[in-house]
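S.K.: Below is one structure. I have some questions about it.
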Amino acid sequence: MADRRAILFDLDDTLYPVERFVMSGFRAVAAVVEARWGVARAAALETLVSAATAARGRELQVLAERHGLPAAAVPELVDVIRLHVPELRLPELSLAVLGVLRRDWRLGLVTNGRPDIQARKVRALGLHRLVDAVVFAHAVGSGAGKPDAAPFLEAGRQLGVAAAATVFVGDDPDCDIDGAHAVGMRTIWLPARVAPQGARPAERADVIVASLADVPAAATRLLAPEWRAHVA
């Protein structure tokens with residue numbers, strides 16, 4: 001492990017905007033609503049998008065109420081979102097940054113969320129071909145996910161890299177930054193473009209960056225002393 005270093009990334013709102021997955025799910029729901037209940041796909045999609053702002057978290061209920069769908073439609077449509085194959089594309093910036101980092105770093109992904117859903121996201125984004133390890137946090141250890149230590153340690157085990165030679169990049173102060181810090185990793189906080197109301201700053205972050213483009217240089221600076229010692 002002494003001659004290796006690694007960068008681990010969170011997935012949602014770190015390597016791609018999670019709102020794109022939400023929109024993919026809305027499109028899948030609109031297609032089902034049109035096929036099952038005759039509601040025009042465009043009208044259903046417009047309702048869902050509007051509700052995402054006005055009634056966040058209740059988009060499907062709003063859809064059912066506005067278009068006269070049966071009450072049983074809501075849980076069925078929840079499953080449509082959960083089980084659909086998402087239409088996603090990795091942003092060009094993420095693709096470029098991962099390409100640069102692959103030259104000198106081991107790369108990994110540690111993501112919370114239902115493992116089956118997250119796995120479909122990873123495959124749709126093509127990340128299974130771009131990183132060396134993917135850890136679905138709720139599938140290891142106690143199953144509690146980040147910020148528990150188990151997912152971070154499992155990523156290090158898969159990559160063969162010690163925590164002290166690993167940098168974690170994420171948007172969530174609790175799950176990503178505090179969790180990685182607790183196991184001895186260096187941390188880079190990339191604040192979410194749309195932060196949840198009342199979100200706190202990542203006080204334990206070693207570096208705060210404004211863009212994913214800043215990560216390679218920031219990570220190199222964080223590990224430079226240890227890296228020189230390892231390869232000297």
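S.K.: Is the stretch 206-224 home to any residue that is modelled with pLDDT of 80 or more, exposed (fewer than 14 other Cβ atoms within 10 Å of the Cβ), out of contact with any His (no Cβ under 7 Å at 6 or more places or on another chain) and outside any helix (DSSP H, G or I)?
M.R.: Yes.
S.K.: Which condition number in (1) more than 30 Å from residue 170 (Cα to Cα); (2) part of a helix (DSSP H, G or I) is the one that residue 98 fails?
M.R.: The failed condition is (1).
S.K.: Next question. From 5, 58, grab the single residue that is of a type outside the set (A, V, I, L, M, F, W, C), surrounded by fewer than 23 Cβ atoms within 10 Å (Cβ to Cβ) and either without any contact (Cβ under 8 Å) to a residue 24 or more places away in the chain or within 30 Å of residue 153 (Cβ to Cβ) (or both).
M.R.: Answer to the selection: 58.
S.K.: Taking the stretch 101-121 on its own, how many of its residues are in a helix (DSSP H, G or I) and farther than 15 Å from residue 167 by Cβ?
M.R.: 7
S.K.: Follow-up. Scanning for something at negative phi, surrounded by fewer than 22 Cβ atoms within 10 Å (Cβ to Cβ), modelled with pLDDT under 95 and in the same structural domain as residue 191 (by TED's automatic domain parsing), does the stretch 106-120 turn up at least one residue?
M.R.: Looking through the stretch 106-120, none of the residues is at negative phi, surrounded by fewer than 22 Cβ atoms within 10 Å (Cβ to Cβ), modelled with pLDDT under 95 and in the same structural domain as residue 191 (by TED's automatic domain parsing).
S.K.: Another question, then. Which of the residues spanning the stretch 133-158 are surrounded by 22 or more Cβ atoms within 10 Å (Cβ to Cβ) and within 25 Å of residue 87 (Cβ to Cβ)?
M.R.: 135, 136, 137
S.K.: Select from the stretch 122-137 the residues that are in contact with a helix residue (DSSP H, G or I) (Cβ under 6 Å, 6 or more places away or on another chain), in a helix (DSSP H, G or I) and not aliphatic (A, V, I, L, M) and list them in ascending order.
M.R.: 128
S.K.: Has the stretch 152-169 got at least one residue that is in contact with a helix residue (DSSP H, G or I) (Cβ under 7 Å, 6 or more places away or on another chain), in contact (Cβ under 8 Å) with a residue 40 or more places away in the chain, under 28 Å from residue 224 (Cα atoms) and part of a loop (DSSP other than H, G, I, E, B)?
M.R.: Within the stretch 152-169, one or more residues are in contact with a helix residue (DSSP H, G or I) (Cβ under 7 Å, 6 or more places away or on another chain), in contact (Cβ under 8 Å) with a residue 40 or more places away in the chain, under 28 Å from residue 224 (Cα atoms) and part of a loop (DSSP other than H, G, I, E, B).
S.K.: Let me ask something else. Please work out if residue 130 is of a type in the set (A, V, I, L, M), under 20 Å from the mean Cα position of the chain (by Cα) and exposed (fewer than 14 other Cβ atoms within 10 Å of the Cβ).
M.R.: So residue 130 does not fit the description; no.
S.K.: Among the helices (runs of 4 or more DSSP H) lying completely within the stretch 1-91, list those that include at least 3 residues that are at pLDDT below 95 and not assigned by TED's automatic domain parsing to the domain that holds residue 152.
M.R.: Details: elements: 19-37, 41-54, 59-67, 73-83.
In the stretch 1-91, 41-54 are the helices (runs of 4 or more DSSP H) which contain 3 or more residues that are at pLDDT below 95 and not assigned by TED's automatic domain parsing to the domain that holds residue 152.
S.K.: Does residue 80 satisfy the condition of being of a type in the set (Val, Ile, Thr) and farther than 25 Å from residue 119 by Cα? Quick ask: steps written out before the conclusion?
M.R.: Numbers: of a type in the set (Val, Ile, Thr): yes; farther than 25 Å from residue 119 by Cα: no.
The answer is no for residue 80.
The values are calculated or read from the model by the stated rules, or taken from the named source; none is laboratory data. Just so we're clear, the structure is a prediction, and the values are computed from it rather than from any experiment. In this analysis, Cβ positions are derived from the backbone assuming ideal geometry, glycine residues included, and neighbour counts consider all displayed protein chains.
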